[in-house]
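Some notes on the structure that comes next.
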Amino acid sequence: AGVVTGGRTTLFVAAVAGAMAMGLGLVVGSLAGYFGGWVDAVLMRFTEIFQAMPSLLFSLVLIYLLGPGTWKETLAIGITLWALPARLTRAEFLRLREMEFVKASRAIGCGDLRIMTRTILPNAMPPLLVAATLLVVIAVLFHAGLAFLGMVDINTISWGSMMGKNKGYALTAWWTVAFPGLAIVITGLSIALIGDGLQDAFNPKLRGR
């Protein structure tokens, strides 16, 4: 019962935090990659500051400042993970903005926002979708680690909190730690396999593999 109930919390936090990080990364990366110049320089220096900080430690500090709560934990994890999709989005926009179809859209009078959202972004989505699944896996592990350390709401059950509360009984009641841990491993592996399948589906070179 604890594994089933805890899975709801863990998957909710991971999915929302992954979507939050992906959304913020898309905005920052697309602006940096499309406009370039000083916009790119400022946004990438800001991104590198986040990348230079240890992610789990940064999450711990944010949760300590924000206080316990499911939404606050989700916000802390989402803020921590946005730099990865930001750099990937920037690379895709830098590659695609010089393509002929983008120049054609610009030539017929399309605005910057329309070119970014209707022309470049759909063509940049395949690798970004794969990155989104990776973010969810990382968010699952982050939330489990934070819950194991007791940095989440004590009134909310999750896989990590079950392992943290029962770690003293690992030898006498092994199932209280083993089954939540197994749920984390299976969930992470399943989401990673979904990402691998998406990569195969969107990459024409891998379809016949």
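The values are calculated or read from the model by the stated rules, or taken from the named source; none is laboratory data. Worth saying up front: this structure is predicted, and the values here are computed from it rather than measured. All Cβ positions, glycine included, derive from the backbone under ideal geometry; neighbour counts span all protein chains shown. To get the accessible areas, we keep the full protein, side chains included, count just its heavy atoms, and leave off ligands, DNA and RNA. Shrake-Rupley method; radii C 1.70, N 1.55, O 1.52, S 1.80 Å.
Things to note:
- Within the accessible area of the chain (1.4 Å probe), percent carbon and sulfur: 70 percent
- Karplus 3J(HN,Hα) series, Hz, for region 58-64 with 6.51 cos²θ - 1.76 cosθ + 1.60 (x for Gly, Pro): 4, 4, 4, 5, 5, 5, 4
- Expressed in Å, the radius of gyration and Dmax of the Cα atoms of the chain are 19.9, 72.
- Taking all Cα pairs closer than 8 Å and separated by 6 or more residues, the relative contact order of the chain comes to 29 percent.
- For region 9-76, the spread of Cα positions along each principal axis, largest first, Å: 41, 21, 15
- Protection proxy ranking for 56-62, 23-29, using the average of other Cβ atoms within 10 Å per residue and placing the highest first: 23-29, 56-62.
- The protection proxy used here, the mean number of other Cβ atoms lying within 10 Å of each residue, ranks peptides 167-179, 67-79, 131-143, 113-125 as follows, highest first: 131-143, 67-79, 113-125, 167-179.
- Taking all pairs of distinct alpha-carbon atoms in region 92-134, Kirkwood radius in angstrom: 10.8 Å
- Averaging the sequence gap over all C-alpha pairs within less than 8 Å and six or more residues apart, then dividing by the number of residues, gives region 1-125 a relative contact order of 35 percent.
- Over region 131-188, the hull volume per residue, using the convex hull of the C-alpha atoms, is 70 Å³.
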